[in-house]
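Reviewing the structure listed below.
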Amino acid sequence: MNTISEVSQSTPQPASDKDRILIFDTTLRDGEQSPGASMTLEEKLQVADILDQMGVDIIEAGFPIASDGDFEAVQQIAGRVKRSVICGLSRASAKDIDRAAEALRPAERRRIHTFIATSPLHMKFKLNMTPEQVLQKVTDSVTRARNHTDDVEWSAEDGTRTEHDFLCRCVEAAIKAGAGTINIPDTVGYSVPEEYFALISMLRQRVPGADDVIFSTHCHDDLGMAVANSLAGIRAGARQIECTINGLGERAGNAALEEIVMAIRTRGDVLPFDTGIDTRMLVRASRMVSTVSAFPVQYNKAIVGKNAFAHESGIHQDGMLKNAETYEIMRPEDVGVSQTSLVMGKHSGRHAFREKLVALGYQLGENAFEDAFKRFKDLADRKKHVFDEDIEALVEDEVAAAGE
Ligand code: KIV
Ligand code: ZN
């Protein structure tokens, strides 16, 4: 069985008494499955490189049986990434598993991730299989994957809508067959945090052998709770989180890596965990994934949105100029943003306007300042974005008028 220290062995970690959470990034697999988000091979290699550099523990590089392009991407990523474990997805069939193993062959550290649906709905309508047949597939698929590598992850697709006794039997079968990681997907984003917490706790208590494996979360965002559910999962004892950059993924997406990592970093008081992620690379990774997937990041997206560290209201700008902690719970440089931005607009106050003038190299007397401030407010009422050049033009007019 693989333990957390084995999986993360090459990630240098600062000394910490907090539990280590493995970050399993699936931007290149579940993220890329998002309609319209497909990436070229070159783009996938760039994303894999940045994920590796930022300290992602496991990179799910693709679904090798899905297409020749996916196979090649997994193979090439496996051949070039040296630090992260490289993972390939497969259904519970011998053909899928063997294809994943072949694509992963060049990897220094490889994982096969095999899954099958376990909910009544999926077994009946999608797989057309009985629970006993599914159970047999769990054993057969994990056993086959273990013939290729010691590092096997098993997932119960639609796990959160699976009947508990049956889920326990499937997890037990996967552990017995040699899976080292047990992933419990909330495939359709149906769960709420209390329920997901209870599910992971129940499995850890009831399934024989549960102490020898790593439980993993894989939460989708259909109800906007993917990150909250993932965090509930680690509080219940899961030690791996599956997530994607910008929350890219099927339908409403997956849990967003940047939100999970910064929640853990910022709220260590209630989430006493560590990840191996260099958070200063989060914004760079977000921009890269947004560019290659052609999925824009919404302005107010937590952590990496354009406005995540921007303030326009006069009260907030005044507070920020006095002490940044008044309105910011994270330092912008910790996520790779050079500085807070005080956006000049109709809500801005005198304090911010004065600071802006100083930054632009102007020192106005009190009367000229008041005139300039009034003209700035008039302009901001008419114009959505007031740029530095607008303010410069306005002050130059003021200075010229004073000289007449
Ligand atoms: O959402 C899901 O269930 C998945 C599995 C294949 C892990 O992506
Ligand atoms: Zn998924």
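Derived scalar couplings between HN and Hα for the range 169-183 equal 5, 5, 4, 4, 5, 5, 5, 4, 7, x, 6, x, 10, 10, 9 Hz in order, rounded to whole Hz, by the Karplus curve 6.51 cos²θ - 1.76 cosθ + 1.60 (θ = phi - 60°), x for Gly and Pro. Classification of the range 316-404 by its C-alpha gyration tensor yields a prolate form. The axis ratio a/c (a ≥ b ≥ c) is 1.5 or more, and a/b outweighs b/c. Charging the Cβ of each Asp and Glu at -1 and of each Lys and Arg at +1, and nothing else, the dipole of the chain about its Cα centre rounds to 900 debye. Taking 7 Å steps out from each Cα toward its Cβ at D381 and Y327 produces label points 2.2 nm apart.
Size descriptors for the chain (Cα atoms only): Rg and Dmax, in that order, 25.3, 92 Å. Structure note, pairs K322/K383; K322/K384; K18/K301; K301/K384; K124/K301: Cα-Cα distances above 30 angstrom occur for K124/K301.
Taking amide H as placed 1.01 Å from N in the peptide plane, G276 has its amide H under 5 Å from the amide H of I23, each at least 5 places away in sequence or on another chain.
With +1 on each Lys and Arg Cβ and -1 on each Asp and Glu Cβ, and nothing else charged, work out how big the dipole of the range 14-125 is about its Cα centre, in Debye to the nearest 20.
So the magnitude is around 380 debye.
By the gyration tensor of its Cα atoms, with a ≥ b ≥ c the square roots of the eigenvalues, what is the shape of the range 255-390: rounded for a/c under 1.5, prolate for a/b over b/c, or oblate? In terms of gyration-tensor shape, prolate. Placing unit charges on each Cβ (+1 for Lys and Arg, -1 for Asp and Glu) gives the range 54-148 a dipole about its Cα centre, and among T143, P120, G62 the Cα reaching farthest toward its positive end belongs to T143.
Here's how it looks for N183: its modeled amide H is under 5 Å from those of W154, S155, A156, S216, which are all 5 or more places away or on a different chain.
Largest GNM mean-square fluctuation across E370, E333, E102, computed for the chain with C-alpha springs under 10 Å, falls on E370. When the alpha carbon gyration tensor of the range 183-339 is reduced to an equivalent ellipsoid, its three semi-axes come out at 31, 18, 14 angstrom, largest first.
Computed from phi, the 3J(HN,Hα) profile of the range 382-388 under the Karplus parametrisation 6.51, -1.76, 1.60 (θ = phi - 60°) reads 8, 10, 5, 10, 9, 8, 4 Hz, with x in place of Gly and Pro. Overall, the range 269-398 carries a charge dipole of about 500 debye about its Cα centre when +1 sits on the Cβ of Lys and Arg and -1 on the Cβ of Asp and Glu, all other atoms neutral. Largest GNM mean-square fluctuation across D390, D221, D212, computed for the chain with C-alpha springs under 10 Å, falls on D390.
Coordinate-derived values only; no laboratory data. Computed from a prediction, not measured in an experiment: that's the story for all the values here. Here the Cβ is made from the backbone with ideal geometry for all residues, glycine too, and neighbour counts use every protein chain on show.
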